[in-house]
Amino acid sequence: MKLTLKIWRQKNADAKGKFITYDFDAASPDMSFLEMLDALNTKLIKERTDPVAFDHDCREGICGSCGIYINGHPHGPGKKAITTCHLSMREFKDGDTVYVEPWRAKAFPVVKDLIVDRTAFDKIQIAGGFISTNVGSAPDSHAIPVEKSKADEAFDSAICIGCGACVAACKNASAMLFVSAKISQFALLPQGRIEAKERVQTMVKKMDELGFGNCSNTGACEAECPKEISLVNIARMNREFYWAKIQ
Amino acid sequence: MIKLDANIPEGPLAEKWTRYKASAKLVNPANKKKLDIIVVGTGLAGAGAASALGELGYQVKNFCYQDTPRRAHSVAAQGGINATKNYKNDGDSIYRLFYDMIKGGDYRSREANVYRAAEVSNDVIDHFTAMGVPFARDYGGNLDNRSFGGVQVSRTFYAKGQTGQQCLLGTYSSLIRQISKGTVTMYPRREMLELVIIDGKARGIITRNLITGEIERHSAHAVVLATGGYGTIYYLSTLAVNSNPSAVWKAHKKGAFFANTSFIQIHPTSIPQLNEYQSKLTLMSESLRNDGRIWVPRKKNDKRVANEIPEEERDYYLERRYPAFGNLVPRDVASRAAKERCDAGYGVGETGLAVYLDFRDAIKKQGKKDIEAKYGNLFELCEIITGINPYIDPMRIYPAGHYTMGGLWVDYNLMTTIPGLFSIGESNFSDHGANRLGASSLMQASGDGYFIIPYTISNYLADDIKTPSISTDKQEFEDAEKLVKERLEKLVSINGTQTATSFHKRLGEIMWNYCGMSRNEDGLKKAKQMLEELKKEFWTDLIIPSDLNSVNQEVEKAGRVADYFEIADLMVNDALNRTESCGAHFREESQTPEGEALRDDKNFSYVAAWEYTGESKPHKLHKEELKFENVEVQVRSYK
Ligand SMILES: Cc1cc2nc3c(=O)[nH]c(=O)nc-3n(C[C@H](O)[C@H](O)[C@H](O)COP(=O)(O)OP(=O)(O)OC[C@H]3O[C@@H](n4cnc5c(N)ncnc54)[C@H](O)[C@@H]3O)c2cc1C
Ligand code: SF4
Ligand code: FES
């Protein structure tokens, strides 16, 4: 199939970027979106032009490396709850014009083309996204039973892949969904309760410092999250935060 | 000349590790602060080691090529992680897990290391639970278990089909805790391109900053490699697209022996290749074989859709050939059986290179809800990729390159033949012999990182406390850096017409066809020649963008492919040398009349450890004879 690709090209963090148009006729509906970019890059390399840089690794929807803003949607249009690497070219038609951009957020500066710097996510985690337990000090796993429903809920929060689509989807570039997923996972488990109060405060503080915006409850993040992380997490985080403050 | 010594402690098997720990040399807290350790890799092995060593007070530098440590490929493991808790009261014990791994590995692994891996498995699970890893639980609030291919007890802990992700994120949390305390410094988006040896000891690495292109020097008192497997040698595999052998290969060329290079596990249940553009094969967890039944039509080239083929015209070939284990036979056996059926013309799908994995009976018996609870996310994944809804139609599966049992040779200390260079997790050859049992790699990688390396590295560093921090101005760093720069310059200056990926694909095809699930002398010799020719073509006709001072993903790929050419050659040599069949290594010349693998214990009960002797010189073989004192060596039968 033939596509008109309008791809954001930016040499490095300091350079000014712009859309460049590529008429590409070697796409196939059997390709994944990233395989289509691979094919485009092969062409560009052979023409001795700089290929399009993008992050990817597992190509099976679990590492969170990939993340491209395609036709106005993080991870692309079409099927709900998939990552860019799982996006199929079947979602596009012959003759389509496709806009391909990096995540746009102050806290995620562009590194090159479609690659952004997401270290802000690590920084938020470093502020408190852990349970302080040393190797070798753990009791037997059955010493503390955990209600199945709670464990399952914690799992549902824990499956966030740290891709940043929630931030890219949000008009305020808020990281609330990501942060609240981590806060929730630990808040739901007895092991995580001990540091819960401090954790929610330090992580939220760091999030604000790093330039992520406020949450205005539009729900765009939940709608675009490839792992269907629920807004319930944000409500829980707000509760935790409030509770920590009044204590 | 280096002599191979596994340094196995004296004493009965069950006491070796306890004795080792009791007598190992220690480093006092004040001295630990002055000792630097480099850990390359942030998977369960690397991030586990970095955090455990940081907790002890060492100064750790941790590297990965992804933008954040949380994306190491351990994240993709699906099925589960073993431990010998015996929570099910079904007769499990450290000895039984040890026995299962030795037998599963087809008697090609070292007893003492395997026993220790089983021994620390319970600590691993307890640690994960304490860190908040949300493993599956039962209604009583206790951890749940399932059984996994090749064993008869339920010892596998899991978090739906995302066990690796949950274990890795747990490990990432322990890592960032140390980063917050300043004991670990993280270097993401770095690729290790050379090892630095000073006075015979590993003292540093050279990395390329994948954003700025800068070539950097990093020094330490010891270096730990935890860089994962080299399954992408087949191009298409279940590994991450960027996973690579470069770190271990560079170490090998500096003197670390490479063991059992050709032992690569081909996983039986991956989604088959669907088209020529494909860049990656996606695994369907082995746990599916607990409830799914594998079959092909009894008629050759049967083009009917699966659900139209009546029961009596289906050949459940695993149940037929292996009545005792049925669909739960180990991976190597299941993979070969699938290949056998497809080669004989019974395969399904457009390519004929697929077999069915069918949940019809399980859904009938247990109900859709139960099956969904167990495998929901895998069924979804299958539908996203293939369009097949496994609740209605059977999945199509085919074997895919998956796990490298081969790797750097290490002794009981997990130290390579280079003093001060350690190798842990999938990057070493240690615990899985010729075939790895399901759910035992997450276990081994975590055990190595959290519970073993902290002791063995302290034992090593105790003699090094007087060595001040290593200067990167030394000549050895200068030389290593020069070497790296020259190699990169050489790659970008070829200026030919073919991309790195196109070479990788062709290399992968040669390896898959001649050094994959089934090998024979003629094929291997042919492969050797084809590799040689392709390698020449690579070095004369490669094209990559020439800018080395910024992001250049093509030069990354090209460097990896260049290393793959060399490792492929060693892999073929290793496979040629071992004329027996064992585990994943099936030499067609060595099989029983029924087509089962035939081991040759008299001549091959050893680890093949290869020494690099120089550019275009033949590798030198060293043999570590394997002694079995605690298990009886038997024919591995799953009938
Ligand atoms: C799809 C899949 C499913 C699996 N399922 C299971 C399962 O259910 N149970 C089980 O027990 N095992 C499973 N395995 C196997 C298991 O996941 C791996 O063997 C294990 O996670 C390897 O861990 P590791 O820490 O050794 O390496 P990895 O997790 O692969 O980490 C390698 C690290 O090294 C870094 N690295 C590599 N090269 C370089 C370099 N040159 N420079 C700098 N950094 C580098 C990477 O950035 C990464 O951080 C599965 C494997 C796959 C592929
Ligand atoms: S919450 Fe969803 S969108 Fe946001 S980082 Fe996690 S997985 Fe990605
Ligand atoms: S490449 Fe890993 S999630 Fe897409």
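The table that follows gives values for the structure above.
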read-out: Protein accessible area in the range B:268-402, 1.4 Å probe - carbon and sulfur %; value: 49 percent
read-out: Per-pair calculated FRET efficiency, R0 = 22 Å: B:THR18 and B:GLU625 via Cβ, rounded to 0.05; value: 0.30
read-out: Carbon/sulfur fraction of accessible area - chain A, other protein chains in place, 1.4 Å, %; value: 51 percent
read-out: Value of [θ]222 nm, deg cm²/dmol, for chain B, DSSP H segments ≥ 4, -39500 (n - 2.57) each, nearest 500; value: -11000 deg cm²/dmol
read-out: Within straight-line cross-link reach of A:LYS16, lysines at Cα separation under 19 Å, skipping those fewer than 8 residues along the same chain; value: A:LYS6, A:LYS106, A:LYS112
read-out: Dipole in debye (nearest 20) - chain B, about Cα centre, beta carbon charges: Lys, Arg +1; Asp, Glu -1; value: 760 debye
read-out: Of B:LYS300/B:LYS374; B:LYS25/B:LYS623; A:LYS11/A:LYS46; B:LYS505/B:LYS639, those spanning more than 26 Å from alpha-carbon to alpha-carbon; value: B:LYS300/B:LYS374; B:LYS25/B:LYS623; B:LYS505/B:LYS639
read-out: Trypsin sites (Lys or Arg not before Pro) lying in DSSP loop within the range A:94-144, provided at most 15 other Cβ fall within 10 Å; value: A:ARG104, A:LYS106
read-out: Straight-distance crosslink candidates among lysines, where the alpha carbon sits under 18 Å from B:LYS368 and sequence neighbours closer than 8 are dropped; value: B:LYS160
read-out: Candidate residues A:SER216, A:SER32: accessible-area rank, largest first, probe 1.4 Å; value: A:SER216, A:SER32
read-out: Charge sum, other residues only, whose C-beta stays under 14 Å from B:ASN242's C-beta, Lys/Arg counted +1 and Asp/Glu -1; value: -1
read-out: 20 Å cut-off, amide nitrogen to a point 7 angstrom out along B:LYS525 Cα→Cβ, residues in the range B:240-267; value: none
read-out: Shape of the range B:215-341, Cα gyration tensor, a/c cut at 1.5; value: prolate
read-out: For B:LEU274, net neighbour charge (Lys/Arg +1, Asp/Glu -1) across residues whose Cβ lies under 15 Å away; value: -2
read-out: Charged-residue dipole, Cβ positions (Lys, Arg, Asp, Glu), the range B:475-604 about Cα centre, Debye nearest 20; value: 260 debye
read-out: Rg and Dmax [Cα atoms of the range A:118-246; Å; Rg one decimal, Dmax integer]; value: 14.6, 46
read-out: Label point distance in nm, B:ASN31-A:LYS205, each placed 7 Å from Cα along Cα→Cβ; value: 3.9 nm
read-out: Contour minus Cα-Cα distance for B:LYS300 and B:VAL633 (0.36 nm per residue); value: 116.0 nm
read-out: Heavy-atom surface of the protein assembly as shown, accessible at 1.4 Å and reported per residue (Å²); value: 36 Å²
read-out: Contour excess over end-to-end distance, with Cα ends at A:LYS80 and A:SER149 and 0.36 nm allotted per residue; value: 22.3 nm
read-out: Candidate residues B:TYR612, B:TYR316: accessible-area rank, largest first, probe 1.4 Å; value: B:TYR612, B:TYR316
read-out: Length added when fully stretched, B:ILE198-B:GLU489, from 0.36 nm per residue minus Cα-Cα; value: 102.2 nm
read-out: Model label zone, B:GLN273; criterion: amide N under 15 Å from point 7 Å along Cα-to-beta-carbon; scope the range B:230-257; value: B:232-239
read-out: Computed E for B:GLU340/B:GLU509 - FRET, C-beta separation, R0 25 angstrom, nearest 0.05; value: 0.75
read-out: Where N is the number of residues in the protein assembly as shown, Cα Rg divided by 2.2 N^0.38 Å; value: 0.89
read-out: Point-charge dipole on Cβ atoms (K/R +1, D/E -1) for the range B:189-275, about Cα centre, debye to 20; value: 160 debye
read-out: Estimated buried accessible area (total), pair B and A, 1.4 Å, Å² to nearest 100; value: 5900 Å²
read-out: Shielding by partners, peptide B:383-391 (average Cβ within 10 angstrom, other chains); value: 2
read-out: Modelled FRET efficiency - R0 25 Å, B:THR185 with B:LYS482, Cβ distances, 0.05 increments; value: 0.45
read-out: Residues losing 20 Å² or more accessible surface upon assembly, the range B:130-154, compared with the chain by itself, 1.4 Å; value: B:ALA130, B:MET131, B:GLY132, B:PRO134, B:ARG137, B:TYR139, B:GLY141, B:ASN142
read-out: Carbon and sulfur %, accessible surface of the range B:475-604 computed with the full protein complex present, 1.4 Å; value: 47 percent
read-out: Cβ-based net charge around B:TYR187, under 10 Å, with every Lys or Arg adding one and every Asp or Glu removing one; value: +2
read-out: Loop-located trypsin sites (Lys or Arg not before Pro) in the range B:1-91, at most 15 other Cβ atoms within 10 Å (DSSP); value: B:LYS3, B:LYS25, B:LYS33, B:LYS88
read-out: Chain A - mean residue ellipticity at 222 nm from DSSP helices (-39,500 (n - 2.57) per run, n ≥ 4, rounded to 500); value: -10500 deg cm²/dmol
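The values are calculated or read from the model by the stated rules, or taken from the named source; none is laboratory data. Treat the numbers as computed from the prediction; the structure is a model and nothing was measured. Please note: Cβ atoms are built from the backbone with ideal geometry, for glycine as well, and neighbour counts cover all protein chains shown. Accessible surface areas use protein heavy atoms only, side chains included; no ligands, DNA or RNA. Shrake-Rupley method; radii C 1.70, N 1.55, O 1.52, S 1.80 Å.
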